[in-house]
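Peer 1: First the structure, which I've put down as C-alpha cells, then a few questions once you've had a look.
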Amino acid sequence: MYEEIPKLNDLLKGYFDGEIIKQSISLLTAAGENYGSLMLKVDVTVKNNSGKEEIIPTVAKCVPTNEKMREIFSTHVTFKNEIGWYQQVIPAFLQFQREQGVENIADFFMNIYGARISLNPESKEVDQHGVILCENLHVRRFTNVDRRIGFNLDQAREIIKKLAIFHAMSLGLKIKKPELFNEKVKTFVSTLTYDGPKKKNEFYLGPINVIKENPETSHLASRFEDKIKSTIEQEVKKSRELWSTAIHTDFWVNNVMIKETEETLGIIILDLQTCGYASVVQDLIFFLGTSIENATTNEHFSEFIKLYYNELITNLESLKVDTSQFSYESFEEELKLEAAGQLIHILFMIPIILAEKGSGVNTNDKEFNPSEGLEKMFRNITEKHREKWAVLAAKFAEQNWI
C-alpha cells in the first residue's frame, strides 16, 4: 500500500474545478522494468463544483526511495532536469518547429499535469516529495513491447524516424538560435557521457568468452576483445561539436511506448531524466544494439543507419538549417568514433534488458544493493545473451566499428 501524494490538488490545478475525493495508488511497473524512479499508477477521484464525480487517470513519477539508486542516477540533478524538459525544452522545440513552418509538429512526448521537487515551493533541493504527475498512457492504449524481444521492422523504422526528428529539433535550435538553446535546453542537460563499470573488466568477460566460443563469431573475438579493453582503459573522449546537441542518452526499448492501429503507429518517447549533451549518433547506436529483434537487426542494420541519416537531413532542412556540413562521410566517421563507447554501454545494458520477466528486484527496496544486483545479472548468461552478443559482434564488425 502506497501513501497518498500530499498536495496533489496543486499538481492538478487548471484541470478540474472542485475537490479531490480519493487517490487510488498502485505500482505501475513490475520489478526489473524501471530503475531510476518509483512509478505509481494514481487514479484521482474528483468532485466538480456541480457535485459530479469523475476519475482522472494519472501516473506519478517519484524520487527513488533507495539511497544508492538516487546516487547512481544523480537524482538531485536529473529529477530537476526532467521537469525542465517538460516545462521548458519541449515547448521550445515545438515553438521552433512552428516558427520554421513545419507542418507536422512533433507529437511523441507525453503530457504532464504538474511537477515539483519538494513540498516547499522555495526549496531548490529535490526531496522525497518530488513528483512529476503525467498522463497514464495506457488510457490512450500505448504499450511497451517485450524488452527481451525488441521492436519489429515497421516499429523500428518509425521509432528511428521519430528519433531523427528529436535530434533535428535539438541540433536545429542549437544552430539557428544558440542563445535560446543555451537558455532553454542546455540548462537541463548533463555533460555526462556513459561511464559504466569501466574499472570492472569482469563484467565484460561473459560476452568476450561467448564470442570466442561461438564458431560463427570466433574469428571476430580478438577485434571484439581489443576494442572493449582499449575503450575501458582510455579517457572519455569529448564529442565533436558538429554532431553534438541535447540527446536522450538512454534510448532503449523500455523508454519507448507504441500504439498500433491499422492505419498508424503512434510513438511516445519517455524518461528524459538523463538527457545529456553529446553526439546524436550515441542514441542511434545504443538503440540499434539493444532494442530491435535479432533477425531484423541482422537483415536491416545498414538500412536503419541510412534511414536515420536521411530523416535527420530532411528534418534539418525543414527547419531551414544549412546541411552542407552534415555530409554522409562525416556521419560515417562520427559513427566510428562513437561506436566503441556505445559498445560498452550496450554490453552493460544487455543483461538488464534480457533479465527474465518476474526475476527483477525491487530497486526501491531500501535494502537493495545495486552492485550485488548487477553482478547477479552479469553471471546469468542464457541463450538469449549468446544470440544478442553474436549479432552485436557481427554488425559492429560489418560496419568496421571494431
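The values are calculated or read from the model by the stated rules, or taken from the named source; none is laboratory data. Since this is a predicted model, take the numbers as computed values, not measurements. Every residue, glycine among them, receives a Cβ derived from its backbone with ideal geometry; neighbour counts consider all protein chains shown.
Peer 1: Looking only at region 309-329, decide whether some residue is within 21 Å of GLN97 (Cβ to Cβ) and within 19 Å of the chain's Cα centre (by Cα). Reasoning before the result, please.
Peer 2: In the first step, residues of region 309-329 are kept if they are within 21 Å of GLN97 (Cβ to Cβ); the result is 309-323, 326.
Remaining after also requiring within 19 Å of the chain's Cα centre (by Cα): 312.
Yes, region 309-329 contains a residue that is within 21 Å of GLN97 (Cβ to Cβ) and within 19 Å of the chain's Cα centre (by Cα).
Peer 1: Could I ask something else about it? So how many residues does region 123-139 have that are surrounded by fewer than 19 Cβ atoms within 10 Å (Cβ to Cβ), in contact (Cβ under 8 Å) with a residue 12 or more places away in the chain, in a loop (DSSP other than H, G, I, E, B) and more than 21 Å from the chain's Cα centre (by Cα)?
Peer 2: 4
Peer 1: When the residues of region 250-268 are narrowed to those that are among the β-branched types (Val, Ile, Thr) and surrounded by 15 or more Cβ atoms within 10 Å (Cβ to Cβ), which ends up farthest from VAL139 (Cα to Cα)? Even if it seems obvious, please write down each step before you answer.
Peer 2: Of region 250-268, the ones among the β-branched types (Val, Ile, Thr) are 253, 256, 258, 261, 264, 267-268.
If we keep only those that are surrounded by 15 or more Cβ atoms within 10 Å (Cβ to Cβ) as well, we get 253, 256, 258, 267-268.
Numbers: VAL253: 20, VAL256: 16, ILE258: 12, ILE267: 14, ILE268: 13 Å.
Only one residue tops the list, namely VAL253.
Peer 1: Shifting gears a bit: I'd like the residue in region 269-285 that is within 13 Å of ILE160 (Cβ to Cβ) and out of contact with any Ser or Thr (no Cβ under 8 Å at 6 or more places or on another chain) and, out of all such residues, is surrounded by the fewest Cβ atoms within 10 Å (Cβ to Cβ). Reasoning before the result, please.
Peer 2: Taking region 269-285 and keeping what is within 13 Å of ILE160 (Cβ to Cβ), we get 269, 280-281, 283-285.
So of that shortlist, the ones also out of contact with any Ser or Thr (no Cβ under 8 Å at 6 or more places or on another chain) come out as 269, 281, 284-285.
Details: ILE269: 19, VAL281: 26, LEU284: 27, ILE285: 24.
Among residues in region 269-285 that are within 13 Å of ILE160 (Cβ to Cβ) and out of contact with any Ser or Thr (no Cβ under 8 Å at 6 or more places or on another chain), the one surrounded by the fewest Cβ atoms within 10 Å (Cβ to Cβ) is ILE269.
Peer 1: Here is a follow-up. In region 240-250, what residues are in contact with a Cys (Cβ under 8 Å, 6 or more places away or on another chain), touching a residue at least 60 places away in the same chain (Cβ under 8 Å) and outside any strand (DSSP E or B)?
Peer 2: First, pick out the residues of region 240-250 that are in contact with a Cys (Cβ under 8 Å, 6 or more places away or on another chain): 246-249.
Narrowing further to those that are touching a residue at least 60 places away in the same chain (Cβ under 8 Å): 246-248.
Selection gives HIS248 alone.
Peer 1: What's the number of the condition LEU171 fails, among (1) in contact with a helix residue (DSSP H, G or I) (Cβ under 6 Å, 6 or more places away or on another chain); (2) crowded, with 23+ Cβ neighbours inside 10 Å; (3) not aromatic (Phe, Trp, Tyr)?
Peer 2: Status for LEU171: all satisfied but (1).
Peer 1: Being farther than 24 Å from PHE251 by Cα and part of a helix (DSSP H, G or I) is the filter here; which residues of region 96-122 pass it?
Peer 2: Matches in region 96-122: ARG98, GLU99.
Peer 1: Is it the case that LEU312 is in a helix (DSSP H, G or I), aliphatic (A, V, I, L, M), out of contact with any Gly (no Cβ under 9 Å at 6 or more places or on another chain) and buried (at least 20 other Cβ atoms within 10 Å of the Cβ)? It would help to see each step written out before you state the result.
Peer 2: Values: in a helix (DSSP H, G or I): yes; aliphatic (A, V, I, L, M): yes; out of contact with any Gly (no Cβ under 9 Å at 6 or more places or on another chain): yes; buried (at least 20 other Cβ atoms within 10 Å of the Cβ): yes.
Criteria met by LEU312.
Peer 1: Residues being in contact with a strand residue (DSSP E or B) (Cβ under 8 Å, 6 or more places away or on another chain) and outside any helix (DSSP H, G or I): count how many of those fall in region 59-77.
Peer 2: Taking region 59-77 first, the residues in contact with a strand residue (DSSP E or B) (Cβ under 8 Å, 6 or more places away or on another chain) are 59-65, 74, 77.
When the remaining residues are screened for being outside any helix (DSSP H, G or I), the result is 59-65, 74.
Total meeting the criteria: 8.
Peer 1: Would you pick out the residues in region 251-277 that are under 22 Å from ALA115 (Cβ atoms) and free of Cβ contacts under 8 Å to residues at least 24 places away in the same chain?
Peer 2: Listed by number, the list holds a single entry, ASN255.
Peer 1: So, one more: Sort out which residues of region 16-58 are exposed (fewer than 14 other Cβ atoms within 10 Å of the Cβ) and not in a strand (DSSP E or B), and write them in order of number.
Peer 2: ASP17, ALA30, ASN49, SER50, GLY51, LYS52
Peer 1: Please tell me if ASN298 is assigned to a helix (DSSP H, G or I) and crowded, with 18+ Cβ neighbours inside 10 Å.
Peer 2: On the way: assigned to a helix (DSSP H, G or I): yes; crowded, with 18+ Cβ neighbours inside 10 Å: no.
Judged against the criteria, ASN298 is not a match.
Peer 1: On the given criteria, is SER239 over 17 Å from PHE109 (Cβ atoms), small (Gly, Ala, Ser) and surrounded by fewer than 21 Cβ atoms within 10 Å (Cβ to Cβ)? Walk me through how you get there before you give the answer.
Peer 2: Details: over 17 Å from PHE109 (Cβ atoms): yes; small (Gly, Ala, Ser): yes; surrounded by fewer than 21 Cβ atoms within 10 Å (Cβ to Cβ): no.
Spelling it out, it is not the case that SER239 is over 17 Å from PHE109 (Cβ atoms), small (Gly, Ala, Ser) and surrounded by fewer than 21 Cβ atoms within 10 Å (Cβ to Cβ).
Peer 1: Would you be able to say whether some residue in region 347-370 is closer than 30 Å to PHE93 by Cα, among the aliphatic types (A, V, I, L, M), in contact (Cβ under 8 Å) with a residue 40 or more places away in the chain and surrounded by 15 or more Cβ atoms within 10 Å (Cβ to Cβ)? Let's see the steps before the verdict.
Peer 2: Of all residues in region 347-370, those closer than 30 Å to PHE93 by Cα come to 349.
Cutting the leftovers down to among the aliphatic types (A, V, I, L, M) gives us 349.
Remaining after also requiring in contact (Cβ under 8 Å) with a residue 40 or more places away in the chain: 349.
Within this subset, residues satisfying the condition of being surrounded by 15 or more Cβ atoms within 10 Å (Cβ to Cβ) are 349.
The answer is yes, given that some residue of region 347-370 is closer than 30 Å to PHE93 by Cα, among the aliphatic types (A, V, I, L, M), in contact (Cβ under 8 Å) with a residue 40 or more places away in the chain and surrounded by 15 or more Cβ atoms within 10 Å (Cβ to Cβ).
Peer 1: Scan region 192-239 for residues that are of a type in the set (Ser, Thr, Tyr), modelled with pLDDT of 90 or more and not in a loop (DSSP other than H, G, I, E, B) and jot them down. Full working, then the answer.
Peer 2: Of the residues in region 192-239, the ones of a type in the set (Ser, Thr, Tyr) are 193-194, 204, 217-218, 222, 230-231, 239.
So of that shortlist, the ones also modelled with pLDDT of 90 or more come out as 217-218, 222.
Result: SER218, SER222.
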